[in-house]
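Okay, so here's the structure we're looking at.
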Amino acid sequence: MIKLENLEKTYHTDAGDVHALSNVSLTIPKGSVYGIVGASGAGKSTLIRSINLLEKPDAGKVFIDGENITLLSGKSLEQKRQKIGMIFQHFNLLKSKTVYENIAFPLKYRKEKPKEIEKRVDALLKLVDLEDKKGSYPSQLSGGQKQRVAIARALANDPNILLCDEATSALDPQTTASILTLLRNLNEKLGITVVLITHQMSVVKEICDRVAVVEAGQIVEEAQTYELFANPQKEITKRFVDTVFHNDDVERLLEQDDLQKRLSRGEEIWHLVFRGEGANHAYIAELIRKFYLDISVIYGSIEIIQNKPIGNLYVSIGGNDGCLRGALGYLRREGISTEPLLLKETEEAIG
Amino acid sequence: MKELLIRYLPNVFELQDYFLQSIKETAIMVLITGAIGLSLGVITGIILVVTDKGGLYENSTVHSLLGRVINVVRSIPFVILIALMVTFTRFLVGTAIGVKGAIVPMVVGVIPLASRLTEQALLETDPGVLEAGRSMGISRGYLIRHVMIPEALPGLIRAVVTCFISLIGLTAMAGSVGGGGIGSFAIRYGYNRYMEDVTIVCVLFLLILVSIIQSLGNRAADRLTH
């Protein structure tokens with residue numbers, strides 16, 4: 001378990017002080033895949049680096065399995081770091097060394113026997129599926145292969161924790177997917193705790209068990225991944241979640257669309273979010289039957305997060321006013337969130 | 001062959017023993033000052049990089065002090081440096097003239113150049129690689145020896161080559177103030193006694209020497225670049 005307590009970090013720059021971390025507390029459960037999301041400059045990079053103390057916080061404590069590592073320095077900190085692997089956005093491989101030598105590097109430092117090193121490196125190469133690239137230099141590899149080498153190297157010391165600093169941000173979507181699958185497998189097979197920071201919600205959606213949202217050096221929201229997507233509380237979280245559902249694009253399109261025309265026909269536009277079981281239920285058909293409404297779907301999507309669906313529907317609804325209110329009330333009672341995008345003009349508004 | 005030499009390079013032929021002797025002196029000066037000056041220069045360069053902001057041993061006092069000293073020494077013309085150092089040279093090696101006397105100011109003269117070139121070569125390495133090393137719990141000293149230097153090796157070789165070539169230039173200048181070597185040979189006979197063939201042969205010799213060093217260095221650097 002990783003526990004961060006009241007971390008503070010301020011950078012003094014020419015342009016003034018930057019509070020990279022202010023009063024950050026976080027608990028990362030053992031064996032989980034934990035995501036930290038935030039825009040660039042939000043402080044997530046400093047946050048992940050304080051877990052292995054590459055950045056020393058000005059104040060606060062970092063506990064790893066109950067041990068306060070902020071008290072460590074020198075050799076004992078180095079030994080602690082050997083049990084915390086880290087991979088990076090730009091891979092950070094040694095250009096002058098082959099794939100084999102890169103992975104063997106931390107083992108050679110620990111003066112392992114050459115036989116042992118060879119056995120270990122071969123096993124790691126197999127684990128990341130790069131046995132045929134043993135003698136290649138990093139410059140001869142693709143981005144995804146480089147990240148696999150970096151992962152193998154980070155695992156050489158048999159760490160309990162793997163920190164991923166924007167590990168897929170420099171990769172194309174397909175390669176990203178394969179690296180995420182690898183990370184997930186490592187987490188499941190080796191029980192290794194994975195902490196990753198990213199600005200891509202799609203990465204969080206794919207593999208994280210829990211997520212923390214960072215804004216201006218503070219953790220503004222923390223939840224189980226499904227909960228965060230289904231029920232975002234803070235404005236920034238909503239914006240991040242919207243990028244996965246493409247809600248932001250839809251709403252922009254709707255604004256440009258012939259909304260005024262729909263309005264003149266007495267229709268309203270509502271955004272409905274269905275969670276869990278609700279995403280499978282035939283609510284629209286039910287509304288049409290029970291409440292005698294005209295409903296047409298403008299846009300709809302379903303995302304599967306942590307094996308549970310979340311549905312987003314944009315519908316235009318026309319019909320009797322009372323029926324409409326009744327229908328919306330029914331949906332809310334069923335646990336479906338309803339958000340108006342465009343309402344009918346009321347008498348008062350016209351008057 | 002012999003007739004040709006006598007016909008076209010009469011003075012060089014006449015002075016061939018001196019010529020060979022001066023080549024030997026130049027070689028000795030370049031090798032000794034190269035060994036001492038470059039080692040000290042490379043070490044200074046490493047200190048410059050690791051004490052820099054964000055470096056492994058960040059220390060702004062050491063960094064700026066060292067930087068200033070290097071800049072001061074660099075800004076002194078070499079001929080003046082030789083004169084300036086006469087007392088110190090005499091104290092250190094007992095004489096301020098000849099090959100022995102030339103070596104001291106040459107070492108001092110090449111250190112700033114070597115350290116700046118080393119600094120530049122080392123700054124080319126991706127700081128992320130060092131960060132990765134630290135994240136693996138590897139000590140800073142080990143990182144300097146096994147990451148920083150090997151990663152910058154092609155650049156370092158080019159830096160060393162540049163230093164050797166400018167050392168050859170320095171020996172010629174040291175020669176003009178009594179340091180011996182090819183430079184002093186060319187000045188003494190070629191320039192002072194109007195023996196043009198001596199000057200030309202000296203220039204050709206230096207030209208070939210410099211090209212050989214340069215191409216050997218390039219080849220080594222290329223082979224180490226992956």
Tell me, please, whether a residue that is farther than 20 Å from B:Pro77 by Cβ, of a type outside the set (A, V, I, L, M, F, W, C), touching a Lys or Arg at 6+ places or on another chain (Cβ under 8 Å) and part of a helix (DSSP H, G or I) can be found in region B:150-166.
yes
Within region A:11-53, can you find the residues that are of a type in the set (Val, Ile, Thr) and assigned to a strand (DSSP E or B)?
A:Thr13, A:Val18, A:Val24, A:Thr27, A:Ile28, A:Val33, A:Ile36, A:Val37
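From the list B:Lys24, B:Lys100, B:Lys2, pick out the single residue that is surrounded by 16 or more Cβ atoms within 10 Å (Cβ to Cβ) and of a type in the set (Lys, Arg).
Details: B:Lys24 fails: surrounded by 16 or more Cβ atoms within 10 Å (Cβ to Cβ); B:Lys2 fails: surrounded by 16 or more Cβ atoms within 10 Å (Cβ to Cβ).
That would be B:Lys100, the only listed residue that is surrounded by 16 or more Cβ atoms within 10 Å (Cβ to Cβ) and of a type in the set (Lys, Arg).
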Over region B:204-215, the set of residues without any contact (Cβ under 8 Å) to a residue 24 or more places away in the chain and of a type outside the set (S, T, N, Q) is B:Leu204, B:Leu207, B:Ile208, B:Ile212
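Of all residues in region B:113-130, count the ones that are surrounded by 18 or more Cβ atoms within 10 Å (Cβ to Cβ) and under 17 Å from A:Lys95 (Cβ atoms). Don't jump to the end; show me each part of the working.
Within region B:113-130, the subset surrounded by 18 or more Cβ atoms within 10 Å (Cβ to Cβ) is B:113-119, B:121-122, B:125, B:129-130.
Imposing the further condition that a residue be under 17 Å from A:Lys95 (Cβ atoms) reduces the set to B:121-122, B:125, B:129-130.
Selection size over region B:113-130: 5.
Being touching a residue at least 24 places away in the same chain (Cβ under 8 Å) and under 30 Å from A:Lys83 (Cβ atoms): is that true of B:Glu151 here? Walk me through how you get there before you give the answer.
Details: touching a residue at least 24 places away in the same chain (Cβ under 8 Å): yes; under 30 Å from A:Lys83 (Cβ atoms): yes.
Yes, satisfied.
Hand me the list of helices (runs of 4 or more DSSP H) wholly inside region A:266-351 holding 3 or more residues that are modelled with pLDDT of 85 or more. Working first, answer last.
Working: elements: A:283-291, A:321-333, A:347-350.
Where helices (runs of 4 or more DSSP H) fall fully within region A:266-351 and carry at least 3 residues being modelled with pLDDT of 85 or more, they are A:283-291, A:321-333.
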Among A:Glu227, A:Glu206, A:Glu188, which is in contact (Cβ under 8 Å) with a residue 24 or more places away in the chain, of a type in the set (D, E, K, R) and in a helix (DSSP H, G or I)?
A:Glu206
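Could you pull out the residue among B:Leu65, B:Leu56 that is out of contact with any Ser or Thr (no Cβ under 9 Å at 6 or more places or on another chain), outside any helix (DSSP H, G or I) and either basic (Lys, Arg) or farther than 21 Å from B:Val104 by Cα (or both)?
Values: B:Leu65 fails: outside any helix (DSSP H, G or I).
Selected residue: B:Leu56, the only one of B:Leu65, B:Leu56 that is out of contact with any Ser or Thr (no Cβ under 9 Å at 6 or more places or on another chain), outside any helix (DSSP H, G or I) and either basic (Lys, Arg) or farther than 21 Å from B:Val104 by Cα (or both).
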Name the single residue that is farthest from the chain's Cα centre (by Cα) among those in region A:304-327 being more than 24 Å from A:Gly266 (Cβ to Cβ) and free of Cβ contacts under 8 Å to residues at least 40 places away in the same chain.
A:Gly311
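Taking into account only those residues within region B:198-226 that are part of a helix (DSSP H, G or I) and within 14 Å of chain A (Cβ to nearest Cβ), which is surrounded by the most Cβ atoms within 10 Å (Cβ to Cβ)?
Of region B:198-226, the ones part of a helix (DSSP H, G or I) are B:198-224.
This time we only want the ones that are within 14 Å of chain A (Cβ to nearest Cβ), so: B:220-224.
Numbers: B:Ala220: 16, B:Ala221: 18, B:Asp222: 10, B:Arg223: 10, B:Leu224: 14.
Step by step, filter region B:198-226, then rank; the result is B:Ala221.
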Consider only pairs whose beta carbons are under 9 Å apart and that are at least six residues apart or on different chains; among these, list those whose first residue lies in region B:90-102 and is under 15 Å from B:Phe185 (Cβ atoms) and at pLDDT below 85 and whose second residue is hydroxyl-bearing (Ser, Thr, Tyr) and loosely packed, with under 14 Cβ neighbours inside 10 Å.
none
Pull up region B:141-184, narrow it to residues that are surrounded by fewer than 19 Cβ atoms within 10 Å (Cβ to Cβ) and of a type in the set (Ser, Thr, Tyr), then point me to the one that is modelled with the lowest pLDDT.
B:Ser176
In region A:174-197, which residues are aliphatic (A, V, I, L, M) and under 14 Å from A:Cys208 (Cα atoms)?
A:Ala177, A:Ile179, A:Leu180, A:Leu182, A:Leu183, A:Leu186, A:Ile192, A:Val194, A:Val195, A:Leu196, A:Ile197
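Yes/no per residue for (1) outside any helix (DSSP H, G or I); (2) out of contact with any Leu (no Cβ under 6 Å at 6 or more places or on another chain); (3) buried (at least 24 other Cβ atoms within 10 Å of the Cβ):
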{"position": "A:Gln145", "(1), (2), (3)": "no, yes, no"}
{"position": "A:Arg148", "(1), (2), (3)": "no, no, yes"}
{"position": "A:Asp158", "(1), (2), (3)": "yes, yes, no"}
{"position": "A:Cys164", "(1), (2), (3)": "yes, no, yes"}
{"position": "A:Ala167", "(1), (2), (3)": "yes, yes, yes"}
{"position": "A:Val214", "(1), (2), (3)": "yes, yes, yes"}
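The values are calculated or read from the model by the stated rules, or taken from the named source; none is laboratory data. Please read all numbers here as calculations on a predicted model, not as lab measurements. Every residue, glycine as well, gets a Cβ built from its backbone with ideal geometry; the counts of neighbours run over all protein chains shown.
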